[in-house]
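S.K.: Let me begin by handing over the structure; questions about it come next.
The values are calculated or read from the model by the stated rules, or taken from the named source; none is laboratory data. Source: prediction; values computed, not measured. Counting neighbours? That spans all protein chains shown, and the Cβs are built from the backbone with ideal geometry, glycine included.
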Amino acid sequence: MVVGAGIAGLLAARVLARHFGRVTVLERDALTPEPTPRKGVPQGRHLHSLATRGSGLLEELFPGLDAELAAAGCPRIDQALDTVTALPTGLLPRFRSGVTMRSVSRPLLEWTIRRRLLREGRVRFVEGREVTGLLVEDGRVRGVEARVRGGGGRERFPAEVVLDASGQGSRAPRWLAALGYEPPAETVVDARLGYATRWYRVPEGFSGDWRSLAVLPGWPRNPRGGSLREVEGGRWTVVLLGIAGDYPPTDPEGFERFARSLPSPILHRAIAEAEPISPVYGYRKTANRRRHYERARLPEGFLVAGDAFCTLNPSYGTGMTAAALAARALGEALESGGTRRLGRRFHRLQARAVAAAWRISASSDAQWAAASNIKELGPARRLLHRVSEEVLRLATEDERTARALLEVKNLLAPPQALLRPGILLPALRRSLG
């Protein structure tokens with residue numbers, strides 16, 4: 001049994017279907033026959049992409065998926081060659097980095113994966129069901145109780161394993177508390193980041209040498225940033241973001257003014273020539289949240305994955321890759337010991353799998369949450385900030401440093417890759433000079 005038909009739930013269902021005869025996915029929303037945004041996925045109208053690592057993991061689960069997305073018109077974008085990136089220290093060089101992303105809207109990706117699961121026959125979807133609690137007997141999960149949305153009463157769904165993939169709004173802590181279990185400890189890092197998204201039609205005859213733009217904010221001077229990316233259907237998804245409560249407006253005029261205020265003009269120039277084809281959609285639930293299920297006492301057979309386990313600030317673009325890493329961890333846990341003590345094995349493996357993504361997202365946001373200017377930092381953190389700034393400056397001058405930065409950001413290399421002598425020593429010399 002999987003609770004939630006988002007990306008994490010769909011990937012978990014694929015893994016579980018390899019080990020069980022039948023997998024049921026319960027979903028609160030109605031699942032439409034076409035790729036349209038769902039009410040239960042408020043971030044579905046915003047920017048999504050499958051980075052190199054996430055794309056590779058999904059291809060392992062669904063061979064041929066990348067070709068399907070390409071056939072649907074989803075471009076593959078090199079994050080240096082096809083992207084103009086304005087760092088706080090200058091422009092990233094343009095070169096063939098090999099660090100790519102498949103640029104796809106969230107509704108299309110979910111719809112494509114859901115169709116694949118339905119074709120394979122072992123996964124069924126039950127819509128309009130809101131899970132209200134776990135069924136537990138003798139310390140083992142036996143299924144879930146769900147409310148039929150729209151006033152249709154309650155139902156019980158028996159299951160040997162229940163995996164909660166219901167997202168950052170997961171009610172699993174409440175379900176556990178109702179059964180006498182201690183809810184998991186939480187770690188929260190919140191930079192008070194908000195963003196606003198608008199969709200545009202790619203201008204007819206557009207001849208730019210890029211398919212993506214990015215303007216990155218820089219602590220502490222500039223809390224504003226934004227990005228533009230081509231997606232299927234000849235469209236641009238444009239996202240503006242503001243940190244520390246400096247939220248972008250959600251009215252068209254305010255959106256345009258905010259774009260004009262960014263530290264680089266590249267994004268505003270692009271949308272000035274494009275036709276908007278949507279309202280402005282706002283989103284502010286961006287806190288990083290780790291629920292430490294790997295340390296909690298849980299009913300046997302109860303699992304938690306995806307955003308319900310580790311919510312990452314969506315602006316870093318690692319959420320879908322983290323969900324794919326969780327699915328791989330689930331497969332490893334099942335293969336190494338079946339269902340016996342599955343929860344303990346899986347949650348520990350998942351914690352390790354998403355650790356790098358958590359460090360990148362939480363450490364970046366912690367700086368905004370901890371201090372409003374460099375004078376508030378102690379000597380050690382002040383030096384660390386200066387070194388980090390010099391690494392970004394090196395990335396604007398040196399392709400090797402730029403590639404390392406992109407690889408870390410896309411979870412292809414650990415954060416320690418930026419501590420290699422060829423990067424760290426020049427940055428340290430500059431920051432002390």
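S.K.: Give the residue that is farthest from Ala214 (Cα to Cα), with candidates limited to residues of the stretch 258-288 that are crowded, with 20+ Cβ neighbours inside 10 Å and under 20 Å from the mean Cα position of the chain (by Cα).
M.R.: Here the answer is Asn288.
S.K.: In the stretch 228-247, is there at least one residue being of a type in the set (A, V, I, L, M), surrounded by fewer than 18 Cβ atoms within 10 Å (Cβ to Cβ) and either part of a strand (DSSP E or B) or touching a residue at least 24 places away in the same chain (Cβ under 8 Å) (or both)?
M.R.: There is at least one residue in the stretch 228-247 that is of a type in the set (A, V, I, L, M), surrounded by fewer than 18 Cβ atoms within 10 Å (Cβ to Cβ) and either part of a strand (DSSP E or B) or touching a residue at least 24 places away in the same chain (Cβ under 8 Å) (or both).
S.K.: Can you list residue pairs whose Cβ atoms sit under 6 Å apart, with the first residue in the stretch 128-145 being hydroxyl-bearing (Ser, Thr, Tyr) and the second being in a strand (DSSP E or B)? Count only pairs 6 or more apart in sequence or on different chains.
M.R.: Taking only residues 6 or more apart or on different chains, the pairs are Thr132/Glu145; Thr132/Arg147.
S.K.: Could you list, in sequence order, all residues of the stretch 387-426 that are surrounded by 19 or more Cβ atoms within 10 Å (Cβ to Cβ) and among the polar types (S, T, N, Q)?
M.R.: If the condition is that a residue be surrounded by 19 or more Cβ atoms within 10 Å (Cβ to Cβ) and among the polar types (S, T, N, Q), then Thr401, Asn410 are the ones that fit.
S.K.: Of the residues that sit in the stretch 289-322 and are under 21 Å from the mean Cα position of the chain (by Cα) and assigned to a loop (DSSP other than H, G, I, E, B), which one is surrounded by the most Cβ atoms within 10 Å (Cβ to Cβ)?
M.R.: Top of the filtered list is Ala305.
S.K.: Could we say that Ala326 is crowded, with 24+ Cβ neighbours inside 10 Å, in the same structural domain as Trp175 (by TED's automatic domain parsing) and either modelled with pLDDT of 95 or more or more than 17 Å from Arg174 (Cα to Cα) (or both) here?
M.R.: When the stated conditions are applied, Ala326 passes them.
S.K.: Here is a further query. How about the stretch 195-227: which of its residues are farther than 23 Å from Leu405 by Cβ and part of a strand (DSSP E or B)?
M.R.: Residues satisfying the conditions are Ala196, Thr197, Arg198, Trp199, Tyr200, Arg201.
S.K.: When you go through Ala196, Ala178 one by one, which is the residue that is of a type in the set (A, V, I, L, M), in contact with a strand residue (DSSP E or B) (Cβ under 7 Å, 6 or more places away or on another chain) and surrounded by fewer than 16 Cβ atoms within 10 Å (Cβ to Cβ)? So that I can check it myself, show each step before the final result.
M.R.: Values: Ala196 fails: surrounded by fewer than 16 Cβ atoms within 10 Å (Cβ to Cβ).
Going through Ala196, Ala178 in turn, just one is of a type in the set (A, V, I, L, M), in contact with a strand residue (DSSP E or B) (Cβ under 7 Å, 6 or more places away or on another chain) and surrounded by fewer than 16 Cβ atoms within 10 Å (Cβ to Cβ): Ala178.
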